[in-house]
1. When the Cα centres of the range B:133-200 and the range A:171-230 are compared, how far apart do they sit, in Å?
2. Given axes a ≥ b ≥ c from the Cα gyration tensor, I'd like to know whether the protein assembly as shown is rounded (a/c under 1.5), prolate (a/b larger than b/c) or oblate.
3. How shielded is A:211-219 by partner chains, expressed as the average number of their Cβ atoms within 10 Å of its Cβ atoms?
4. Using a Gaussian network model on chain A with a 10 Å cutoff between Cα atoms, which of A:Arg150, A:Arg204, A:Arg108 fluctuates the most?
5. Averaged over its residues, how many other protein chain Cβ atoms are within 10 Å of peptide C:106-118's Cβ atoms?
6. Within 10 Å of each Cβ in peptide A:29-41, how many partner chain Cβ atoms are there on average? Round it to a whole number, please.
7. What FRET efficiency comes out for the pair A:Ala292/C:Lys132, r = Cβ-Cβ distance, R0 = 51 Å, nearest 0.05?
8. Count charges around C:Met277 for me, please; just the other residues with Cβ under 15 Å from its Cβ, Lys/Arg as +1, Asp/Glu as -1.
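Every number in this text was worked out from the coordinates using simple rules, so none of it is lab data. The model shown is predicted, which means the values in this text are computed figures rather than measured ones. Quick reminder, even Gly has a Cβ in these numbers, built from the backbone with ideal geometry, and neighbours come from all protein chains shown.
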Amino acid sequence: MTKIFKSLSFAVFMALSLPFAAFADSIKIGFNAPLTGFAAADGNSARVGAELAVEQVNSAGGIGGKQLELVIYDDQASPKESAPLAVKLITQDNVAAGISGSYSGATRAAATIYQESNVPYISAYAVHPDITRAGDYVFRTSFVGEVQGRAGAKLIGEMMGHKRVVMITLNNDFGKSLANGFKEKAGDFGIEIVNEYEYSIKDREFGAIVSKAKSDEPGAIYASGYFFTAGPLVRQLRAAGIEVPVIGQEGYDSQKFIEIAGPDAEGVIITTSLDRDSADAVTQDFISGFEAKAGYPSDMVAASAHTAVLVMADALARAADESAAALREAIAGASVMASTGQISFNALGEVQKDVQIQIVKDGNWRHYAVISDTELLAPPAE
Amino acid sequence: MSYEIAVLTSMSIAILFALSLNLITGFCGQVSLGHAAFYGIGAYVAAMLTKADLALPIALIPAAVMAGLVGVLVGIASLRVRHDFLAITTMGVGFLFVGIVRKQDALGGEIGISGIPSVAFGRPGLLLLALVCMVLFILLSIYIRRSWLGFAFESISDDEDTARTFGIDVSKFKLLAFVVGTAGAGIAGGLYAHHIRFIGPDSFGFVESITVLAMVIVGGIGSIAGVAVAAAVLATLPLWLQFVDDYKLLIYGSLIFITMRFAPTGIAGIVHTLWQKRQAK
Amino acid sequence: MLAIELVIQGIVQGAIYALIALGLVLVYGLLRILHVAHAALYTLGAYIGVIIVNQGGHIIFATAVAMVAVGFVGIGVYRFAYKPLLDKPPLIALIASIGLFIAAEEIYRIIFGAYGMSFAQPPLQQQIELFKGFHLSTARISVVILSILFIGVLGWLAASTRTGIAWRATVSDAGMAASFGVNIEKVRYINFFIGSALAALAGVMVALLNNLVEPTMGAVPAYKALAIIVLGGLGSVRGTLVASIALGIIESFGTIYLGHVMDRDAIAFTFLIIVLMIRPQGLLTRR
């Protein structure tokens with residue numbers, strides 16, 4: 001009995017110590033994402049994107065000879081889970097920095113804790129306006145909703161030339177901030193907002209909104225949402241005989257949207273940060289690498305998590321020393337070509353980059369245009 | 001240390017929150033599927049006040065009062081509808097709360113409230129405050145259980161009509177249970193807001209109401225110790241279960257199901273049975 | 001004109017609610033259990049339907065298989081989850097049911113993937129112009145027709161067959177029914193089978209409308225169907241039908257005209273609370 005126990009405990013000891021031995025010389029980065037529950041699809045895509053970036057960095061020699069290592073926790077997209085996990089990552093796993101592959105609420109709660117502990121934190125795709133306001137240690141590599149909303153107004157009013165617009169707004173921080181940005185600039189581009197309808201993230205049935213929107217006779221529809229709400233919505237709009245252009249945002253940006261909406265997805269245009277037809281090598285490596293690793297085509301959340309890791313790796317390599325303050329300085333001064341374009345930050349830690357415009361053509365996301373108007377796209381600076 | 005402090009704080013808040021529902025559902029037999037609304041009211045009130053520079057221990061008082069006042073309204077509703085009708089009415093109150101908060105720009109709307117200040121002495125200070133509130137509420141629960149009030153609650157829980165024939169003022173005691181229970185939830189909510197330091201409408205939805213009800217039932221309806229243990233375990237289960245990765249929520253759901261299926265009296269019942277077996281030996 | 005369209009959209013939504021809520025009210029009528037896990041059976045039905053169609057099966061065949069298979073799963077749920085809890089307080093069964101529902105959602109996610117599933121070639125998508133400028137897809141029309149059909153058949157069964165009479169006897173007084181030689185256990189099995197099959201039908205229909213089946217698609221029906229059967233007066237089949245359609249229409253107008261003040265759920269529950277404060281026993285009730 002004791003013999004069995006001894007050999008067992010030896011096996012356990014070996015099993016536990018092996019990973020540590022392998023990563024003795026590694027730099028740890030905390031990663032929180034919703035891996036179970038309602039947001040698991042996005043969370044897992046983000047995780048694969050981040051893991052891909054880590055593999056790429058490590059196979060290129062790591063950071064000054066050290067390997068990059070992700071410590072991944074599931075936060076179920078809930079602030080209640082993400083806050084204690086952030087404490088755990090910082091105080092027990094001793095991560096050098098953190099990356100959020102999660103939604104707004106969870107990211108906002110964790111940001112407070114990273115800021116308080118003076119550990120740098122990058123939000124990959126959460127849109128909540130207050131995330132970077134947690135303090136100078138918190139950054140974001142994706143657009144805030146307002147910026148994308150403004151880009152949407154320019155796209156519809158100026159580039160496409162539609163003046164009568166119906167808005168269908170998702171009732172959450174994402175939809176609301178998009179709507180704010182869109183309304184702010186709509187007038188400048190000569191857009192008249194005929195009506196605005198709101199729906200909840202749980203809705204998949206839009207019969208009433210579709211009927212009413214049809215009677216408004218708009219020139220275009222600006223609808224915020226995610227692929228799982230936008231897919232059914234676009235399908236139902238087309239089924240009711242509404243043929244006008246539908247303009248969406250990065251929430252649509254997944255192959256799954258095209259799968260749900262089917263042929264009705266053709267011609268849908270979105271503002272996003274991933275350009276499928278980019279000539280840039282980093283983006284192309286990401287697109288092919290992701291599909292090979294995940295088994296399905298890349299999406300916005302994966303590209304965003306990938307970008308966040310690359311920005312972090314670049315900063316780790318450039319940091320003057322191993323202190324958190326030096327790492328923060330390095331992130332703030334970033335100028336990195338990543339899978340979602342050329343990344344740099346403003347004083348608040350918000351990203352400055354071009355808005356990519358993609359269109360569904362023959363069942364795939366393709367390049368439509370790019371907006372690089374820095375004045376229009378200026379993120380909030382305080 | 002700070003991680004342990006954070007976990008203990010989560011536990012204390014959950015225990016307080018669960019015991020506050022236990023008072024309504026466990027002691028007085030009034031099922032509530034919308035208890036998170038009062039948690040939310042407390043959280044919003046306390047957060048607004050501390051952002052206006054009030055100290056949290058003081059801000060918890062109006063948080064409790066506000067939650068208790070709305071609790072009276074629901075209590076009045078409970079006089080009109082009974083049993084499953086009441087359960088669904090309270091569920092409606094929960095949805096109404098979230099639906100209204102979403103649209104109030106003064107409460108941050110969809111964006112919620114962030115930048116909630118930390119309390120004096122930081123995380124240990126908050127833990128201490130949470131522990132004090134929790135212990136006080138446990139003592140209150142024990143006191144009620146042992147007093148005439150506890151007897152009145154229990155008789156209402158058993159059979160309202162019989163209680164009435166005993167001359168118990170059913171309406172008065174029901175309202176009292178709702179006031180005390182919802183006020184307790186308000187305090188728990190105020191503590192929660194300063195623990196996570198970010199609140200939004202989605203934090204106080206139906207799922208939260210169900211979670212707290214599960215704590216009460218899994219602990220053993222009415223049992224103070226059982227409910228406290230269940231609250232502590234269920235609140236931190238997702239944190240402990242990080243290693244099972246993909247199966248976390250599956251295990252969480254299955255555990256709740258299996259406990260109910262094979263030990264319907266909950267943790268309190270299991271302990272009780274084990275104790276009796278030992279006595280018999 | 002718009003008003004008529006909104007009413008029709010509301011009826012389509014209401015028909016789906018009715019299919020889901022009917023199963024729930026059948027269970028409640030017999031066992032006094034709030035069967036939250038019913039929504040997990042609805043999701044299962046949707047998955048089975050999509051998988052069979054994508055494998056080349058006809059939609060009618062897929063729907064039939066989904067209904068029968070889920071019907072038997074429903075019997076299993078009763079046999080293994082609820083039967084041992086019948087003599088316990090109803091809250092126990094409610095929480096057990098919630099635990100089961102959470103676990104089921106996760107099982108679907110782990111087996112079928114977090115992204116959900118869609119039809120490769122969605123059937124029944126032809127547009128039919130009901131009146132000038134108002135199109136409805138065949139799927140939407142089918143939802144309404146099938147609901148009326150199944151509910152009609154059910155009503156006829158309950159009124160005119162031996163099983164139906166046994167069922168109604170068991171609902172009104174199980175002990176009395178047993179003493180008259182009704183096999184209560186059999187009645188319960190049939191009850192769960194029919195209720196679960198209807199949920200599966202609703203699942204396939206929703207899959208057709210949205211072309212999306214997700215692990216969490218049962219989350220909204222899980223609570224809204226409870227609200228509907230309470231609104232209908234708990235245990236009243238006719239009340240449940242009225243409540244379903246009423247809620248569908250109110251939500252339809254509500255999303256358009258109250259959308260800026262309240263979300264869809266809040267609109268639905270405001271209606272519920274108002275009704276219950278005026279009529280604490282629900283919209284229609286025999287009591």
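1. What the calculation gives is 45 Å, centre to centre.
2. On the way: a/c = 1.59, a/b = 1.17, b/c = 1.35.
In terms of gyration-tensor shape, oblate.
3. Numbers: counts 12, 10, 1, 5, 6, 0, 0, 0, 0.
Partner-chain Cβ atoms within 10 Å, mean over residues of A:211-219: 4.
4. Result: A:Arg204 has the largest fluctuation of those listed.
5. Details: counts 12, 4, 0, 9, 6, 0, 0, 4, 13, 14, 7, 3, 9.
Per residue, the number of nearby Cβ atoms from other chains is 6 on average.
6. Partner-chain Cβ atoms within 10 Å, mean over residues of A:29-41: 5.
7. Working: r = 52 Å, r/R0 = 1.02.
For R0 = 51 Å, the calculated efficiency reads 0.45.
8. Details: positive: B:Arg80, B:Arg82, C:Arg279; negative: none.
Within the 15 Å Cβ shell, the charges total +3.
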